[in-house]
Amino acid sequence: MAWHLGDLLRLAMAKVPPDRAAVIDAHTGRQLSWGELAERSRRLCGFMQALGIERGDKVAIYARNSIEYVEAVVAILQIGAVHVNVNYRYTARELAYIFANSDSNAVFFQGCFRDRLAAILPELPELRVLIEQDGDDSPLSSWWGDRTHCRFEEALNQEQPAPAYSSNPEDQFFMYTGGTTGLPKGVMWNQDKLFQMFGINYFCAEGRTQPRSVEAVLEMYRRGEHYTEMVIAPMMHGLGVYSLLPTLVFGGTVVTSSAPRFIAADAWNAIARYGVNALKIPGDAMGKPMLEALEQRESVADLEDFAMLISSAAVFSMHIKRGLVERLPNLQLLDILGGSESAALGHAAMSRESAGNSAGRSLKLQIGEFVRVFSEDHKEIMPGSGEVGMIARRGLIAEGYYKDPARTAQTFPVINGERYCLLGDWGEVLADGTVRFLGRGNVCINTGGEKVFPEEVEQCLKALPGIADSCVVGVHDARWGSAVTALVEPVAGADIVPAELHLALSDQLADYKVPKHYVTVDTVGRGPNGKLDYKTLQRWAIETVTEGAPPEGWRLLDR
C-alpha cells in the first residue's frame, strides 16, 4: 500500500490514548498530550486554510526546536502542504535563497528571527503569510506590508472551521541541505518513499518489523507499543526531523529541548527523567560531550531504559563508541551511513559484548540488490579488484533537487536502466562483496598520484592520547602535488609531539597517508551538525604552512 504522513498522523491522534505525552520540552518541562496535540492541530490546520494555505503550497519553518515546531510540522503535513526547513544559522543571502528557491508561500518563524526575516522580505513577494511564535507584545510592525502577520497562539485561541484534508502519497516533503559546496539544495521526497525510508533507517535498526498495513499500525496502538525518543539534533536538519516524524507517526513520545544550546549533562538528565529509549546524534559533535558528561555522572542506574543510540550525518569515532557502551550495559549503538537524499547505505552496530572485537569497527556495506559501487564513468567495481569507486543506492531515494535539473542528473543518474543516488561516498569492494567505506570524495587528497580520504586519517588521529579532534586537508606541495596536513586540536594541557604522532600513525597507515605537516589549532570548529568546513580549514592551512601567516590560535609544528 501507499502511505501518507498526514493520514498516519491523523490516525495516531485518533487512536493513541489521549493522555499519553506526545511532545515534551525538557528545557521548560512543558508537555503536550496526544489529545491536546489533536485539538491544537485541528485548530491550526483550520487557521492555515482560512488564510488561504492549500495543498501543495510550500510552508517554511524558521525556528529552533520547540513544541510549536512540532505542531507546525504536523499541521503542514495534514493539510497536504509541502514542508520546507530553514537553517536558522544561515546568512541573509542563504535565507533569501531558500525562501525564494522553495517558492515558500508561508512561514512559521520564531520571534528572535523577526529582524532577519524582515530584512529579506522585499526580495520575497511570494511569501504572503507570516506566523510568529514566541513573539513579544510589541505592536505588529508596519514593514510586513500587505502580508498576513499573526502570532501562533492566535490560531489556537479561536475556533476554526473544520479542516478539509486531502492527501496523495505523491505529496512532497522538502529537505534543504547545505552539503559541502554551493547554495542549499532542496531534496524532494514523495511521502510514501519517505515513510518507507524511516522504516529502513529506524525500525529495522531496532530489530522490529515495520508495519505494512493500516491494520498493523492499529494493532500496534492497541497493544500499547510505543517508545520515547529524544530529538536533540535541530529539527531544521534532516537528522532532527527524520527522528521526529517516525516517533509521532507510530504514536510515541518526542522529548526535545528549546534550550538555546546543547548541554550534554542536561541531555542525560532528560533521558533519565522521561525514560527515553532512543536518541539520534550527529556523531562526535554530540557523542564526545555526551561521553564526557557520562563519565562525570555518579550513577547510570536511572538510564536503564536507554537502549538505542543512532549516529548519522557525521563521523562517530570508535573510542567514543566504546566509552559509551562500556558505561551503559543495555545500550546498542548504530552508526548509519546515508544522507538526506537516500535510505541508509550501510551501518555499523556495537554493544558492550561486541566492543572488544572487530564488530562495529567500520561501517558495513554489502553490495546487493540496492547497493552498488561505480567508477566515475559509471562502470561497476568488481569484488576484489582493488579499485575504488562511488557507493550508490537505488530504491528508496529522493526524487531529486527542486528546480535544479543539473545537480539532480549528477546525483541521481540512470545506470544500466536503474536510477541511483550517488552522494559522493567512496569505497572499495572486497572479495566477499562487502564494501570498505573510505570517505567523501569531494575532500579526497591526491598526493603523488595516491588518493587519501581524510576521514580515515582523522579517525586514527582522534584515537591517539592528547588529541580532542582533528581535520586533515591537502596543502600544495611542489613534489607531491598535495601534502597531507593534519590540523590537531589538543586536549587541554596536552603536549603534541609531531614525531610521536608520526610514529603512531605509521603503524596504522600507508606511508603516503601519514601527514607531512602538523598544525595545532584551538578548535577545528565543527558545526552543530558535526561537520567540518573543509574549504575554510584548507585555506587557513595553506596560510599557515606555505605563507607563514597562520590564523590566530594556529601553530605549525616541525616534525
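Quick notes on this one:
- Within the set 513, 462, the sole residue that is in contact (Cβ under 8 Å) with a residue 12 or more places away in the chain, within 29 Å of residue 289 (Cβ to Cβ) and touching a His at 6+ places or on another chain (Cβ under 8 Å) turns out to be 462.
- If only residues of region 257-284 that are part of a loop (DSSP other than H, G, I, E, B) and polar (S, T, N, Q) are counted, the one that is nearest to residue 134 (Cα to Cα) is 258.
- Taken together, the residues in region 269-326 that are among the aromatic types (Phe, Trp, Tyr) and within 20 Å of the chain's Cα centre (by Cα) amount to 1.
- Residue check, residue 547 of a type in the set (D, E, K, R) and at pLDDT 90 or above: no
- Flag for residue 423 being in a strand (DSSP E or B) and outside the structural domain of residue 540 (by TED's automatic domain parsing): yes
One line per residue, one yes/no per condition, for (1) in contact (Cβ under 8 Å) with a residue 60 or more places away in the chain; (2) crowded, with 21+ Cβ neighbours inside 10 Å:
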site	(1), (2)
351	no, no
366	yes, no
392	no, yes
441	no, no
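- The condition of being in contact with a Cys (Cβ under 8 Å, 6 or more places away or on another chain), farther than 30 Å from residue 288 by Cβ and not hydroxyl-bearing (Ser, Thr, Tyr) holds for only one of 415, 397, that being 397.
- Residue in region 29-36 that is over 15 Å from residue 241 (Cβ atoms), touching an Asp or Glu at 6+ places or on another chain (Cβ under 6 Å), in a helix (DSSP H, G or I) and touching a residue at least 12 places away in the same chain (Cβ under 8 Å) present: no
- Cross-chain or 6+ apart pairs with Cβ under 6 Å, region 162-187 first and assigned by TED's automatic domain parsing to the domain that holds residue 92 and under 30 Å from residue 50 (Cα atoms), then modelled with pLDDT under 85 and surrounded by fewer than 19 Cβ atoms within 10 Å (Cβ to Cβ): 169/2
- Flag if residue 377 is among the acidic types (Asp, Glu), in a loop (DSSP other than H, G, I, E, B) and touching a residue at least 24 places away in the same chain (Cβ under 8 Å): no
- Of all residues making up region 243-256, the number that are touching a residue at least 60 places away in the same chain (Cβ under 8 Å) and either under 28 Å from residue 185 (Cβ atoms) or assigned to a helix (DSSP H, G or I) (or both): 6
- One residue stands out in region 120-147 among those that are more than 19 Å from residue 84 (Cβ to Cβ) and part of a helix (DSSP H, G or I): the one that is modelled with the highest pLDDT, namely 122.
- Count - residues of region 312-329 that are outside any helix (DSSP H, G or I) and either exposed (fewer than 15 other Cβ atoms within 10 Å of the Cβ) or at pLDDT below 90 (or both): 7
- Residue within region 493-516 that is of a type in the set (Ser, Thr, Tyr) and under 20 Å from residue 443 (Cα atoms) present: yes
- Some residue of region 463-485 being closer than 28 Å to residue 366 by Cβ and modelled with pLDDT under 90: yes
- Qualifying residue in region 313-323 (condition: of a type in the set (Gly, Ala, Ser) and more than 25 Å from residue 295 (Cβ to Cβ)): no
Every residue, every condition in (1) assigned by TED's automatic domain parsing to the domain that holds residue 111; (2) part of a helix (DSSP H, G or I); (3) more than 26 Å from residue 261 (Cα to Cα); (4) in contact (Cβ under 8 Å) with a residue 60 or more places away in the chain, yes or no:
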residue: 39; (1), (2), (3), (4): yes, yes, yes, no
residue: 42; (1), (2), (3), (4): yes, yes, yes, yes
residue: 48; (1), (2), (3), (4): yes, yes, yes, yes
residue: 54; (1), (2), (3), (4): yes, no, yes, no
residue: 61; (1), (2), (3), (4): yes, no, no, yes
residue: 70; (1), (2), (3), (4): yes, yes, no, yes
residue: 87; (1), (2), (3), (4): yes, no, no, yes
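- Matching entry among 487, 509, 556, 505 (being assigned to a helix (DSSP H, G or I) and either crowded, with 17+ Cβ neighbours inside 10 Å or touching a helix residue (DSSP H, G or I) at 6+ places or on another chain (Cβ under 8 Å) (or both)): 505
- Each residue in region 90-109 was checked for being under 17 Å from residue 148 (Cα atoms) and modelled with pLDDT under 95, and 0 pass.
- Subset tally (residues that are over 22 Å from residue 277 (Cα atoms) and without any contact (Cβ under 8 Å) to a residue 24 or more places away in the chain) for region 300-345: 0
- A count restricted to region 512-538 and to residues that are surrounded by fewer than 20 Cβ atoms within 10 Å (Cβ to Cβ), more than 26 Å from the chain's Cα centre (by Cα) and among the charged types (D, E, K, R) stands at 1.
- Members of region 457-484 found to be closer than 16 Å to residue 524 by Cβ, surrounded by fewer than 22 Cβ atoms within 10 Å (Cβ to Cβ) and charged (D, E, K, R), listed by number: 462
- Answer residue from region 245-258, given it is modelled with pLDDT under 95 and hydrophobic (A, V, I, L, M, F, W, C) and is surrounded by the most Cβ atoms within 10 Å (Cβ to Cβ) among those: 245
- One residue from 303, 363, 279 being at pLDDT below 90 and either in contact with a helix residue (DSSP H, G or I) (Cβ under 9 Å, 6 or more places away or on another chain) or over 22 Å from residue 465 (Cβ atoms) (or both): 363
The values are calculated or read from the model by the stated rules, or taken from the named source; none is laboratory data. None of the values given here were measured: they were computed from a predicted structure. Neighbour counts are summed over all protein chains in view; Cβ atoms, including those assigned to glycine, are modelled from backbone coordinates with ideal geometry.
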